[in-house]
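*Asks:* I have a structure here, written as structure tokens, and I will follow up with some questions on it.
The values are calculated or read from the model by the stated rules, or taken from the named source; none is laboratory data. Values in this document were obtained by computation on a predicted structure and should not be read as measured data. Counting neighbours? That spans all protein chains shown, and the Cβs are built from the backbone with ideal geometry, glycine included. Accessible surface areas use protein heavy atoms only, side chains included; no ligands, DNA or RNA. Shrake-Rupley method; radii C 1.70, N 1.55, O 1.52, S 1.80 Å.
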Amino acid sequence: MTSQSPTATTGFESTESSAAQSVSTTKTKSPRRRWDLTVVGIVIAVIFLIPYIVMVLGSLKPRSEILHIPPSYLPHQWSPGNYGSMWHTPETPLPFNMVSTIVISVCATVIVLLVAIPAGYYTARRRFPGKLAFLGLVLVTQMLQPVVLVTGLIREFFALGINDTWLAMILVNAAFNLSFAVWILHSFFASVPVEIEEAAQLDGLNRIQTLTRVSLPLVWPGIVTATIFAFVSCWNEFAASLVILTTPENQPLSVALTKFIGQYDTAWQYVFAVSTVGVVPVVILFAFIEKRLVAGLTAGSVK
């Protein structure tokens, strides 16, 4: 027994030293791996940002420099005045177009959320005849685009007396973005355990209070996703707006942008400037709402 003791101790020490070396190697590799992932992420971000960087730099160039051959990436003559003069061009009443875009996008997004939240909650919590057929029909409407139905929509709007109005485009955008929002919120509500709502009802909350105080905070990421998708889709909508809205003051930025592109001449400095202005509100919305995305993952589950 005494002769075997050093051997056992030596084996234990060798095992311990190999484990220590393994931990040391893991600690050495971990920072290197993080740096590798950081570099890859930066490269991918730069690749995606290059078109936007070119757009912003182009908006700060005079038109002659944009058309100059060979082209230059950085402006030789900076022209920040493009952002001021574009609002007073004869091509289109750009201030009215900006207001039109904001009103249509915000109102359509609000309508989508007001309809999609109760619809997603009801389909996730209730069983009713034709439920799968209803969800399938909702999904099928996502395959259609407003431009496909534009002829029928125009006739309907003429019959209602709302053709060439903001209301017409609000209804169109809300209708064609509703299906995606319903499906997203249906999936999020279905992932919330029913026991949480039952516990809230045992504490005295009714169905509406359970939805607003318990379920909605838990599905906040889904609401954020539906909001961003609907708003961006409404903000960028072009084809239906081009046909339905004929008055220049009622047209959104996506249609107004084409007014700077002529058959023989194009005001590229204004095209870049208007495109940059059109991107900024979407970036601000995402930056504002993304901060609340993670907070909704656990909010509402604790009494």
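*Asks:* So which residue, out of VAL140, VAL282, VAL112, gets the largest mean-square fluctuation from a GNM of the chain using Cα contacts under 10 Å as springs?
*Replies:* Looking only at VAL140, VAL282, VAL112, the biggest GNM fluctuation is shown by VAL140.
*Asks:* Now a separate question. With a 1.4 Å probe and all protein chains left in place, how much of the accessible area of the chain comes from carbon and sulfur atoms, in whole percent?
*Replies:* 70
*Asks:* Follow-up question, since we're still on this one. Suppose R0 equals 30 Å. What FRET efficiency, 1/(1 + (r/R0)^6) with r the Cβ-Cβ distance, do ILE69 and ASP36 give to the nearest 0.05?
*Replies:* The value I calculate is 0.15.
*Asks:* If one computes the Cα centroid of segment 188-231 and of segment 45-80, what distance in Å separates the two points?
*Replies:* Segment 188-231 and segment 45-80 have Cα centres separated by 47 Å.
*Asks:* Follow-up. Over the chain, what relative contact order in percent results from Cα pairs under 8 Å that are six or more residues apart?
*Replies:* 27
*Asks:* Another question about this same structure. Leaving out ligands and nucleic acids, note down the accessible area per residue over the chain with a 1.4 angstrom probe, in whole Å².
*Replies:* Heavy-atom SASA per residue in the chain reads 61 Å².
*Asks:* Can I ask one more? Rounded to the nearest 20 Debye, what is the dipole magnitude of the chain about its Cα centre when Lys and Arg each give +1 and Asp and Glu each give -1 at the C-beta?
*Replies:* So the dipole magnitude of the chain works out to roughly 480 debye.
*Asks:* By Kyte-Doolittle mean hydropathy of at least -0.5 and Cα axial length of at least 27 Å, which whole DSSP H helices of the chain are selected?
*Replies:* Details: long enough: 5-59 (80 Å, 0.41); 94-125 (46 Å, 1.60); 166-191 (37 Å, 1.55); 268-290 (33 Å, 1.80).
Helix filter hits for the chain: 5-59, 94-125, 166-191, 268-290.
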